[in-house]
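For reference, the structure is listed below as C-alpha cells.
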Amino acid sequence: MKKILVAVCIAVSIMLISGCGSSREDTEGNDKMSGTLTFAIWDDNLNEVMESNHMVEKFQEKYPDIEIEIEKIKDDSEYWNIMEMRAAANQLPDLMLNKTFTLSRFQEDMVDLKDAKAAENNMWAKEYAIDGRVLGIPMTSGYEYVYYWKDMFEQAGVEVPATWEEFQAAAEKLQDFYGEEEGFAALACGLKDEWTDYPYMEFMPALESGNGENWDDMAKQDMPFSEGTDIFQAYQKVERLFSSGALGPNPLNQGNNQATQLFAKRKAAMIALGDWGLQYIKNETEDLSGLGTFYLPVREGREEPFYVIVQPDNFLGITTHSEHQEAAEAFVEWFYSEDWYPEYIQSITAASSMSNFPKDKDPVLAEADELCPDRKMVFYNGGGSDFTAIQNEIIFDYKKLGAEMAAEEFDFKKRMEELNARWAEARKKLNIN
C-alpha cells in the first residue's frame, strides 16, 4: 500500500508482535487476513480514548496479522482539505471519518456497508444512507448544549433562558456584570478556529423552523438569504449576538482550546459545544461543581416549539482506495462489537449510536432534558449533492462567515444580498432546479 506523507499529520504507527496475548481459539481463521490499515482522524478525544484503552492491542488479539496506523491530523478543517486532495489523487486512507455534511462529498470514494452487522445494529447508519448506500457507521449520537456555571448566573441575577431574546439578554447582562475582569467573556467562542461557531452558523437555520433538511431546501431556491427565510433570521440573530460584545474582547484571537480553558477557569459564563465538549471541560478543571447545561433557545416566544438538534457523528467508513478491504471490514465490525464498543462509548461523554449497547446520559447533560421536557427533536441533515455543489461553486463557508460577523466592519445586509446573487447564478450555471 502506498504511504502518504503529509507534513501537517502526525502518523503514529503501532506495530505489535503477531498473536501477542491471544489464543489459537480466539484467532481461529483470522490469520488469513493481513496488511496495514491507515486510519485517519482529527479528534483529540478519540485519539486519547483509543490510546488509553489500548484499542489497537485489543484488536490485534483477534486479528494478529492486521496492523493499524493511526494518522492524527491537526483539526477537522485541515482534515477535510487533506482528504479532498487525497481523494483527487486516489490516495485516501483505508479508514476515514465523515460528518453528516461530508457524506455526499465523498460518496464516490466510500464502500457500501449496508450489509454489515454493525450497520444493522446502528440507529442512524441506514437513515443517512445516500441512494441506498451506507457510506459510514456513526460512532455516536450527538446532542448540542450550552454549558454554564450556575453560581455565576445566580450572582449576576440571570436565569436559564428559554427564548433567543432571553439568551442574548442573559449574555449581555453577564458581560456587564463580570466585564471588568480582564479577558472575561459571557459566552466563550474561539472564532480563530472558525469551526467553533457551528452551533450557531450550522445548526440555527435548521432550528428556526425545525427543518433538519434546510440545506437541501435552500438548493431549490434562488434567493434563500432573503429577509424572512430561516437562514436570514438565524444569521441575523447570530450577527447581533456576535457584535454585542458578549463574546469578550478577543474572540477572533483565540481558538477552541483557549475558549474551553477560559470557560473551565470561570473566565466565561457559557460555552456552546456538543456532548463531546464535556470531556474537554473535564480535562481542563477538576472542579465541576455548579456546571450545568441547557439547550440553545432559538425560538422567539415561549409559546413556540422548542427545537433541539440531534445528529449522528463520526461516520466510520472504508474507502474504495483501500487495498485491504476485507481487513478493513473486519476492523469496522470489531469496532462496533461487544469486544470494543461498550468500553469505547463509556469512555466518552457522547451518547451511544448502537441499539444493542445503550447508554445513560451523563448527569450534567441530563439537566438540559429536565429543563426542557417539551423539546422537539430536529434530525439534522448536513446537505445533499445539490447543496454541496452550489456551496463549492460560490465557496459558501458558513463557519468562516460566522467568524466574520464578529468583525466591526461586517455589513450583514450587504453580505446577504451578495450571497443571494451568487447563489442564483450558481444554480443557473449548475442547472440545479
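Please enumerate the residues belonging to region 86-102 that are open to solvent by 30 Å² or more (accessible area, probe 1.4 Å) and more than 19 Å from SER141 (Cα to Cα).
Correct list: ALA88, ALA89, ASN90, GLN91.
Considering only region 70-82, how many residues are touching a helix residue (DSSP H, G or I) at 6+ places or on another chain (Cβ under 9 Å) and of a type outside the set (Ser, Thr, Tyr)?
Initial filter on region 70-82 (touching a helix residue (DSSP H, G or I) at 6+ places or on another chain (Cβ under 9 Å)): 70, 72-73, 75-77.
Subsequent filtering for residues that are of a type outside the set (Ser, Thr, Tyr) retains 70, 72-73, 75-76.
Count: 5.
Which count do you get for residues in region 103-145 that are under 18 Å from the mean Cα position of the chain (by Cα), outside any loop (DSSP other than H, G, I, E, B) and surrounded by fewer than 21 Cβ atoms within 10 Å (Cβ to Cβ)?
Qualifying residue count for the region: 1.
Collect the residues in region 371-417 that are buried (at least 20 other Cβ atoms within 10 Å of the Cβ), assigned to a loop (DSSP other than H, G, I, E, B) and at pLDDT 95 or above, keeping them in residue-number order.
Listed by number, the list holds a single entry, MET405.
Could you list all residues from region 225-241 that are touching an Asp or Glu at 6+ places or on another chain (Cβ under 8 Å), aromatic (Phe, Trp, Tyr) and under 14 Å from PHE410 (Cβ atoms)?
Answer for region 225-241, where residues must be touching an Asp or Glu at 6+ places or on another chain (Cβ under 8 Å), aromatic (Phe, Trp, Tyr) and under 14 Å from PHE410 (Cβ atoms): there is none.
Please go through region 146-178 and give me each residue that is crowded, with 20+ Cβ neighbours inside 10 Å and either modelled with pLDDT under 95 or among the hydroxyl-bearing types (Ser, Thr, Tyr) (or both), ordered by number.
TYR147, TYR148, listed by residue number.
Suppose we filter ALA170, ALA162 for residues that are out of contact with any strand residue (DSSP E or B) (no Cβ under 6 Å at 6 or more places or on another chain) and within 26 Å of ASP360 (Cβ to Cβ); which single one remains? Steps first, please.
On the way: ALA170 fails: within 26 Å of ASP360 (Cβ to Cβ).
Within the list ALA170, ALA162, the selection yields ALA162.
Within region 418-431, count every residue that is open to solvent by 20 Å² or more (accessible area, probe 1.4 Å) and either free of Cβ contacts under 8 Å to residues at least 40 places away in the same chain or not in a helix (DSSP H, G or I) (or both).
Qualifying residue count, region 418-431: 7.
Going residue by residue through region 262-282, is there one that turns out to be closer than 30 Å to ALA170 by Cα, crowded, with 21+ Cβ neighbours inside 10 Å and acidic (Asp, Glu)?
Within region 262-282, one or more residues are closer than 30 Å to ALA170 by Cα, crowded, with 21+ Cβ neighbours inside 10 Å and acidic (Asp, Glu).
The values are calculated or read from the model by the stated rules, or taken from the named source; none is laboratory data. Computed from a prediction, not measured in an experiment: that's the story for all the values here. Cβ coordinates were reconstructed from backbone atoms using ideal geometry, including for glycine residues, and neighbour counts include every protein chain displayed. To get the accessible areas, we keep the full protein, side chains included, count just its heavy atoms, and leave off ligands, DNA and RNA. Shrake-Rupley method; radii C 1.70, N 1.55, O 1.52, S 1.80 Å.
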